[in-house]
1. As an exercise: evaluate Tyr248 against (1) free of Cβ contacts under 8 Å to residues at least 12 places away in the same chain; (2) more than 22 Å from Gln175 (Cβ to Cβ); (3) among the hydroxyl-bearing types (Ser, Thr, Tyr) and give the number of the one condition it does not meet.
2. Any idea which residue in segment 5-45 is modelled with the highest pLDDT, counting only those that are of a type in the set (Val, Ile, Thr), over 15 Å from Ile361 (Cα atoms) and in contact with a Phe, Trp or Tyr (Cβ under 8 Å, 6 or more places away or on another chain)?
3. Quick test for you: out of Ala161, Ala149, Ala157, Ala184, pick the one residue that is exposed (fewer than 13 other Cβ atoms within 10 Å of the Cβ) and at pLDDT 85 or above.
4. Tell me, which helices (runs of 4 or more DSSP H) lie completely within segment 78-158 with 2 or more residues that are among the aromatic types (Phe, Trp, Tyr)?
5. Which one is farthest from His165 (Cα to Cα), of the residues in segment 185-208 that are more than 10 Å from the chain's Cα centre (by Cα) and not aliphatic (A, V, I, L, M)?
6. Within segment 55-70, count every residue that is in contact with a His (Cβ under 8 Å, 6 or more places away or on another chain) and modelled with pLDDT of 90 or more.
7. Under the condition of being open to solvent by less than 10 Å² (accessible area, probe 1.4 Å) and of a type in the set (S, T, N, Q), which residue from segment 44-83 is farthest from Ala192 (Cα to Cα)?
8. Given (1) buried (at least 20 other Cβ atoms within 10 Å of the Cβ); (2) hydrophobic (A, V, I, L, M, F, W, C); (3) under 27 Å from Val134 (Cβ atoms), where does Ala22 come up short, assuming only one miss?
Amino acid sequence: MSRNFSIWIGVVSILSLAGFVALGYQLINGLGVTGMNNATSWGLYIIMFMFFVGLSAGGLIVSSSATVFNIPSFKVVAKPATILSTVCIIIAAVFIMVDLGSPFRFLNLLIHSQFKSPLMWDVVVVTLYLMVNVVYLYLMTRKEPNQKALSIMSRVALPVAILVHSVTAWVFGLQIARAGWHSALMAPLFVASALDSGLALLLIVLVVLKKLNVFYVEKKLITTLAGLLVTCVAVDAYMVFAEVLTMYYPQDEGMMLVLNEMLKGSMAPFFWGEVILGFVIPLAILLFKKNREKTSLVIFSSVLIIIGVFFKRVWLLLTSFIHPNVEGAPGITLGSYVPSDSPNVFPDFWTLHGQYAPSFIELTVAIGMIAFGALLFTILSRLILMDRKKQSTPSDLIEFEGTKAAQ
């Protein structure tokens, strides 16, 4: 185990270092080293931001629900869920800083704050959410936890966890100029996908921690959480169906451009990938109780759900950039100089159709930040949870069994 742990730490450390080196190169040379351009001004970094905010929200909702709704079984996983939530929101915030191009630009948000903008709402709520996570985790890890303070903080954490993803959704949903985003369902869609992806990641982490003898969790609890997961997936699938039906039925020209791009255009692999991997296969597996009792099937379904939600973030973001709302020629400049001997050719490249592919630098930065998150979670888990590995029955589990006996 020590050798495997050393190898793991070495791998994620090297990947993290590579990511920070690529980030340094981007800071020196500017965002021009990415695949983003005037037509597609948000790319992989914003996709990862949305993705990690969702992963974070799911973990904290499970953790805080244990106290708010008095679910003793969930109290067992409150610590790893909160650690996971804290790490994910840190990585989400890192991706925002990376996308700014220069961290000093963040000062503009403070000096020239525009609270009419949903972007500013998101800055405030993500900062608040990070603070809630840190305080909540601190209260949990004290030698003598203050139960009253934990109870109050859990009641703050639950609505903030829902709010953080809702506000992120409103950054997109309140933009009338982007037909694929402008929807009242955007916030519920984000919250639903946050619940299933965050819960799926938590299940994977709990099983891995158990295998490594870092944190004990009963198989029965895995089955219970899998039952909650399949409910969240069903709600998410319903939301996507309702959104697609509302887009299709009026046959609006602008909306049909977006929808066709989703269903049979360049974004079709991601849309149908989400439907098949994120909805159909997990539902077919987890709807049956006997399958939810098999840890291997639960983990397999959880992996597919996370991949499906990531695919959703891709098509959701990029589809609305493909067809910009620009009337008449010449369109949007990509900022690329095209020299020509002919005076009839304009020495610049203009487009009415957005194109984007992440560059090698973007991919390296993204992989590096994910590896950094894995490294951070590993360190925090060993510091906070390892003292429980020799306990055959965790204190939280004893509390849970005592509660059942009393009932």
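1. The single condition Tyr248 does not satisfy is (2).
2. Taking segment 5-45 and keeping what is of a type in the set (Val, Ile, Thr), we get 7, 9, 11-12, 14, 21, 28, 33-34, 40.
With over 15 Å from Ile361 (Cα atoms) added as a condition, the list becomes 7, 9, 11-12, 14, 40.
Remaining after also requiring in contact with a Phe, Trp or Tyr (Cβ under 8 Å, 6 or more places away or on another chain): 12, 40.
Values: Val12: 95, Thr40: 87.
Here the answer is Val12.
3. Details: Ala161 fails: exposed (fewer than 13 other Cβ atoms within 10 Å of the Cβ); Ala149 fails: exposed (fewer than 13 other Cβ atoms within 10 Å of the Cβ); Ala157 fails: exposed (fewer than 13 other Cβ atoms within 10 Å of the Cβ).
Of the residues listed, the single one that is exposed (fewer than 13 other Cβ atoms within 10 Å of the Cβ) and at pLDDT 85 or above is Ala184.
4. By residue number, 118-141.
5. Asp196
6. Residues meeting the conditions: 0.
7. Thr82
8. For Ala22, the failing item is (3).
The values are calculated or read from the model by the stated rules, or taken from the named source; none is laboratory data. Because the structure is a prediction, the values reported are computed rather than measured. So basically every Cβ, Gly included, is an ideal-geometry build from the backbone, and we count neighbours across all protein chains shown. Side chains included, ligands, DNA and RNA excluded: accessible areas come from the protein's heavy atoms. Shrake-Rupley method; radii C 1.70, N 1.55, O 1.52, S 1.80 Å.
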